[in-house]
1. For residues that are open to solvent by less than 60 Å² (accessible area, probe 1.4 Å) and β-branched (Val, Ile, Thr), scanning just segment 79-127, find the one that is nearest to the ligand (Cβ to nearest atom).
2. When both residues are 6+ apart or on different chains and their Cβ atoms are under 8 Å apart, which pairs have a first residue that lies in segment 4-22 and is within 12 Å of residue 55 (Cα to Cα) and among the β-branched types (Val, Ile, Thr), and a second that is away from the ligand (no atom under 11 Å from the Cβ) and part of a helix (DSSP H, G or I)?
3. Would you point out the residue of segment 210-247, among those that are within 16 Å of the ligand (Cβ to nearest atom) and assigned to a loop (DSSP other than H, G, I, E, B), that is farthest from residue 24 (Cα to Cα)?
4. Filter segment 1-19 down to residues that are assigned to a helix (DSSP H, G or I) and more than 16 Å from the ligand (Cβ to nearest atom) and give me whichever is surrounded by the most Cβ atoms within 10 Å (Cβ to Cβ).
5. Just to check your reading of the model, which residue among 161, 199, 152 is in contact with a Lys or Arg (Cβ under 8 Å, 6 or more places away or on another chain), modelled with pLDDT of 95 or more and more than 22 Å from residue 117 (Cα to Cα)?
6. Among the residues in segment 60-71, are any part of a loop (DSSP other than H, G, I, E, B), within 14 Å of the ligand (Cβ to nearest atom) and buried (at least 21 other Cβ atoms within 10 Å of the Cβ)?
7. Could you tell me how many of the residues in segment 167-190 are open to solvent by less than 60 Å² (accessible area, probe 1.4 Å) and either among the polar types (S, T, N, Q) or farther than 22 Å from residue 235 by Cα (or both)?
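The values are calculated or read from the model by the stated rules, or taken from the named source; none is laboratory data. Being a predicted model, the structure only gives us computed values, none of them experimental. Glycine also receives a Cβ, built like all others from the backbone with ideal geometry; neighbour counts cover every protein chain displayed. SASA here: full protein model, heavy atoms, side chains in, ligands and nucleic acids out. Shrake-Rupley method; radii C 1.70, N 1.55, O 1.52, S 1.80 Å.
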Amino acid sequence: MIDTHAHLDFAEFDVDRDAVVQRMRSVGVNNLIIPGVSPQHWHKQLAVAEQYQTYFALGIHPWFCPEDVDAAILALTSKVAALLECPRFVAIGECGLDKLYSSTWPQQLAFFEAQLTLAKSVNLPVIIHSVKAHPEVLACLKKYQLPRGGVIHAFSGSVEIAQEYIKLGFKLGIGGLIMNPNAKKLLKTVTELPLEHLILETDSPAMTPINVAEKRNQPANLVLFIDKIAALQKKSSVLISEHLMSNVAQLFDL
Ligand SMILES: [Zn+2]
């Protein structure tokens, strides 16, 4: 398995990053994708990705929009060009829109549209953060029509919203929220959608599943979600893990 969204570079893992990677591999999660969040974070992100030979994406997260939009996009464009031939560089992102951070909305929109343009020009999929902004994100995706689509990370929406994204060539990133019996809408979505539209992620160190004792989330927890999806879809865990892994390989061309 591959954890398609883990911020292994974040400070929460500074004290025991080796052990976290070892634990992840010992439970069968062989690798992960570290999403980019901002120009200040790229250096450490790329160093961690190099050290553990993980996959990575490059992008600007809506929570970390730099003041100077043009300079940051220029920096992103040149970083992307420099690393384009690296086989572990698999996507643009994470990028997107977040209405809980509404004070930076104009910058968020500018960064999101610029990153969709960039993804299209270099023919990479995108990793999208969409919080309380599905109509706006869908409008942008309809406008840009990305040939390789991408993933709506930490998806928690309805079957209807999921179908809108699927029509645009997107997969849904399913994480720790499925362990919460109160997440009724998401549980219904995961029960009803065909498996080919789902991929797995932890969003470590955030989004810790409800039944895990340690407050910090980590990539090894990904295996919990396989049994949960198997139970929801009434299929075997082996079938679920094989199918979801082939979705990841297809989306990110691994
Ligand atoms: Zn993230």
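1. 127
2. Every condition considered, the pairs that remain are 4/248; 4/252.
3. Step by step, filter segment 210-247, then rank; the result is 216.
4. Looking at residues that are assigned to a helix (DSSP H, G or I) and more than 16 Å from the ligand (Cβ to nearest atom), I get 17.
5. On inspection, the qualifying residue turns out to be 199.
6. There is at least one residue in segment 60-71 that is part of a loop (DSSP other than H, G, I, E, B), within 14 Å of the ligand (Cβ to nearest atom) and buried (at least 21 other Cβ atoms within 10 Å of the Cβ).
7. Going through segment 167-190 one residue at a time, the tally reaches 5.
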